[in-house]
Amino acid sequence: MIGLRTSHKSELVDITEDVSSIVRDSGADKGICIISTRHTTSGIIINENESGLVSDILAMLRRLVPEGGGYAHDRIDNNAHAHLQAVLLNSSVTVPIEKGSLLLGTWQRVFFVELDGPRSRKVHVSVVRG
Amino acid sequence: MIGLRTSHKSELVDITEDVSSIVRDSGADKGICIISTRHTTSGIIINENESGLVSDILAMLRRLVPEGGGYAHDRIDNNAHAHLQAVLLNSSVTVPIEKGSLLLGTWQRVFFVELDGPRSRKVHVSVVRG
Amino acid sequence: MIGLRTSHKSELVDITEDVSSIVRDSGADKGICIISTRHTTSGIIINENESGLVSDILAMLRRLVPEGGGYAHDRIDNNAHAHLQAVLLNSSVTVPIEKGSLLLGTWQRVFFVELDGPRSRKVHVSVVRG
């Protein structure tokens, strides 16, 4: 389990090193690693960690699903946009493990995507040998 | 395998209990569970089961990919929007298993998303120990 | 590993047969197969292989995330739209294996989605028994 505390309303947190260290500690030589959020106003994605792109990703989500768009769920809890943006992302990603390490491409990094922060969040990491 | 019959053109069906019972019956203590649709005009998502949010999710999909948007596939079969909405969702989700149960956050539920109903649908559930 | 060379700026490459043959060669009778791209301007999806639909999928991605939309990442590398479109897709898909074969529905095919081609690309295929 990775615990983290986000600082902003929406933000990307690069958790690649935390995930890599769990994979190393598992001793698994080959298999898969599943990184899952336990929250419904957040997501997990794999992409490049470049500061401009990080802001572009958050801007795209706000543009496709703007806050306060007359959503029914906003009558219950004022964060429908965050749930809807999460639906467009993933609740988990799966990454191969080869030779004891995460098999990621040169530019691939694993991000937790906060969509309704700041909050304390939990990300679960499963390692399956195979 | 979970068989279900949808009732509407588009709808969310909460299948969390069906999935949980397959996981329990498998006897797996630890591992992962993969829930996959076998259809190209549907998806699987994880989010909160609140009736307003459920209608917001369907409305978002219709807004981002409206029916009858001049799609080439509509000349073959009048459901291009349903395929395209499915591409924005997932064909499967993966959920960790811990202590014999699905490890879901407090608000997380697993939904089959019907995008071209009503139809009979099949959802496959794989349990992998790990 | 599946190596492929794309021919267009954006395109869908049906890799179902390549994946099936890796699954057959693995000798796995039951389990899951994870198909992962190693690139941040591409995705993996499952949908129907119909030529009209294939062009509709690419048109939808261009409509939702147009090229040259004033993105910050375009100052670094002129392909922000490709990264952003990739975020809306998946970096991997998971397909069940039953009786030694991929368990896909009648219309389901696995596609590599090129978003910033033409390029040489690598797709990793993991087989996990379960």
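Eigen-decomposition of the gyration tensor built on the alpha-carbon atoms of region B:26-67 gives equivalent ellipsoid semi-axes of 28, 15, 7 angstrom, largest listed first. For chain C, find the longest principal axis of its Cα atoms and tell me its angle to the long axis of helix C:51-64, 0 to 90°, nearest 10. With rounding to tens, the tilt is 50 degrees. Here is the interface size for A with B: some 2200 Å² of accessible area buried, both sides summed, with a 1.4 Å probe. Across region C:7-12, rounded Karplus estimates of 3J(HN,Hα) from the backbone phi angles (6.51 cos²θ - 1.76 cosθ + 1.60, θ = phi - 60°) give 10, 10, 4, 9, 6, 9 Hz, Gly and Pro being marked x. Across chain B, Cα pairs under 8 Å and at least six residues apart give a relative contact order of 54 percent.
Peptides A:66-76, B:119-129, C:35-45, A:27-37 ranked from most to least packed, by the mean per-residue count of other Cβ atoms within 10 Å: C:35-45, A:27-37, B:119-129, A:66-76.
Just to confirm my numbers, what's the Cα centroid distance between region B:86-101 and region A:1-77 in Å? A separation of 16 Å, based on Cα centres.
Under a model in which nothing but the beta-carbon of Lys, Arg (+1) and Asp, Glu (-1) is charged, chain A shows a dipole of about 300 debye around its Cα centre. One decimal place: the segment C:ASP77-C:SER55 gains 5.4 nm when fully extended, by the rule 0.36 nm per residue minus the C-alpha distance.
Under the simplified labelling scheme, the B:GLU98-B:LYS122 pair shows an inter-label distance of 3.4 nm, with each label point 7 Å from Cα along Cα→Cβ. Entry comment: accessible area of the protein assembly as shown is 39 Å² per residue, from protein heavy atoms only and a probe of 1.4 Å. Straight-distance candidates among the lysines for linking to B:LYS9, with alpha-carbon spacing under 29 Å and chain neighbours fewer than 8 residues away dropped: B:LYS122. Charge dipole of the protein assembly as shown (Cα centre as origin; +1 on each Lys and Arg Cβ, -1 on each Asp and Glu Cβ, all else neutral): 580 debye, rounded to the nearest 20. Projecting 7 Å from Cα along the Cα-to-Cβ direction, the label point of C:GLY27 sits 2.5, 2.5 nm from its equivalents in the other copies, listed shortest first. By its C-alpha gyration tensor, with a ≥ b ≥ c as the square roots of the eigenvalues, how is region A:1-70 shaped: rounded for a/c under 1.5, else prolate for a/b larger than b/c, else oblate? Verdict is prolate for region A:1-70.
Where the label is 7 Å out from Cα toward Cβ, how close does A:TRP107 come to the same position in every other copy, in nm, shortest first? Counterpart label points of A:TRP107 in the remaining copies fall at 3.3, 3.3 nm. Grouping the Cα pair distances of the protein assembly as shown into 10 Å bins from zero gives a pair-distance distribution of 5, 25, 37, 27, 6, 0 percent in increasing distance order.
When you work out D = kT/(6 pi eta Rh) for region A:2-129 at 10 °C and 1.306 mPa s, using the Kirkwood radius from C-alpha pairs as Rh and the Stokes-Einstein form, the result is 104 µm²/s.
The accessible-area loss of region C:43-75 on complex formation, taken against its chain alone with a 1.4 Å probe, reaches 40 Å² or more at C:ASN47, C:GLU50, C:LEU53, C:ASP56, C:MET60, C:ARG63, C:LEU64, C:ALA72, C:HIS73.
The values are calculated or read from the model by the stated rules, or taken from the named source; none is laboratory data. Keep in mind the model is a prediction, meaning the values are calculated, not measured. Every residue, glycine as well, gets a Cβ built from its backbone with ideal geometry; the counts of neighbours run over all protein chains shown. Areas reflect the complete protein model, heavy atoms only, side chains present, ligands, DNA and RNA absent. Shrake-Rupley method; radii C 1.70, N 1.55, O 1.52, S 1.80 Å.
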